[in-house]
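Below is one structure; the comments refer to it alone.
The values are calculated or read from the model by the stated rules, or taken from the named source; none is laboratory data. Since this is a predicted model, take the numbers as computed values, not measurements. Here the Cβ positions follow ideal geometry from the backbone for every residue, glycine too, while neighbour counts run over all protein chains shown.
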Amino acid sequence: MAEPATERGRETRDAIVSCAARLFHQRGVKATRVDDVLAAAEAGKGQFYRYFTSKSELVAAAVEHQLERYLAPQREVLERFEDWPDLERYLTGLTDSHERRGFAGGCPIGSLALELSGRDEELQARLAQALSAWEASLTRGLERLRENGRLGEDAPLERLAAATLAAIQGAYLLATVHGDRRVMDDALAEAVRNLRAHAPKRTRNARDGTK
């Protein structure tokens, strides 16, 4: 991808990448033509080929755009968990964002990983790395919950983080198929219940009102 020499050029390139990321998410990479992206970005073919040699190069740029736009802010939230409401707000925020997008396209990262699997080894590896980083951030968030006494010392944090990420991906899929946030809310609430089952017994009893 060529680096623009001017601010206006950077704005044009960024608009092309942003529109590509949005359309790839909504429609899928295969179903989105370069012409569709250029129409959305109000750019011409000459501008496209000034910055990209092919659609494949645009896809790679759109992947990086999505990772920076979607995962970077999450990492800051995930790694600052203090108590269960922090985790619940995080998960509710995912559902809220998906609802605002009209439940289109599923998870911005997971949907790309699924579509590009087996088609582009380099991008597949990049997306797998991103999902692993997401899981690692979840693990660090759970570590903070354990440090604050919300999870037991013997809680298998890496396994719980992997299961939680799997629940998130499944919740995105179900909400996309049904166009209904309730299925995503229910799936993520169940993920929280699974995590809370690993709380120290005294905190579980306090929550349940038992001795």
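Of the residues ALA39, ALA21, ALA60, the single one that is buried (at least 21 other Cβ atoms within 10 Å of the Cβ), of a type in the set (A, V, I, L, M) and over 30 Å from LEU195 (Cβ atoms) is ALA21. Here GLY102 meets each of (1) loosely packed, with under 12 Cβ neighbours inside 10 Å; (2) in a helix (DSSP H, G or I) with one exception, condition (2). Among the residues of region 75-96, is there at least one that is out of contact with any Pro (no Cβ under 6 Å at 6 or more places or on another chain), assigned to a helix (DSSP H, G or I), free of Cβ contacts under 8 Å to residues at least 60 places away in the same chain and farther than 26 Å from VAL183 by Cα? Yes. Here GLU121 clears all of (1) modelled with pLDDT of 90 or more; (2) within 30 Å of VAL29 (Cβ to Cβ) except the condition numbered (1). It is to be established whether one or more residues within region 141-153 are touching a helix residue (DSSP H, G or I) at 6+ places or on another chain (Cβ under 7 Å), closer than 21 Å to CYS107 by Cα, part of a helix (DSSP H, G or I) and touching a residue at least 12 places away in the same chain (Cβ under 8 Å). Yes, some residue in region 141-153 is touching a helix residue (DSSP H, G or I) at 6+ places or on another chain (Cβ under 7 Å), closer than 21 Å to CYS107 by Cα, part of a helix (DSSP H, G or I) and touching a residue at least 12 places away in the same chain (Cβ under 8 Å).
Mind counting the residues in region 5-18 that are loosely packed, with under 15 Cβ neighbours inside 10 Å and among the basic types (Lys, Arg)?
Counting residues in region 5-18 that are loosely packed, with under 15 Cβ neighbours inside 10 Å and among the basic types (Lys, Arg) gives 2.
With the structure loaded, tell me whether GLY28 is on the phi > 0 side of the Ramachandran plot and either surrounded by 13 or more Cβ atoms within 10 Å (Cβ to Cβ) or in contact with a strand residue (DSSP E or B) (Cβ under 9 Å, 6 or more places away or on another chain) (or both) or whether it fails that test.
On the way: on the phi > 0 side of the Ramachandran plot: yes; either surrounded by 13 or more Cβ atoms within 10 Å (Cβ to Cβ) or in contact with a strand residue (DSSP E or B) (Cβ under 9 Å, 6 or more places away or on another chain) (or both): yes.
Against the criterion (on the phi > 0 side of the Ramachandran plot and either surrounded by 13 or more Cβ atoms within 10 Å (Cβ to Cβ) or in contact with a strand residue (DSSP E or B) (Cβ under 9 Å, 6 or more places away or on another chain) (or both)), GLY28 qualifies.
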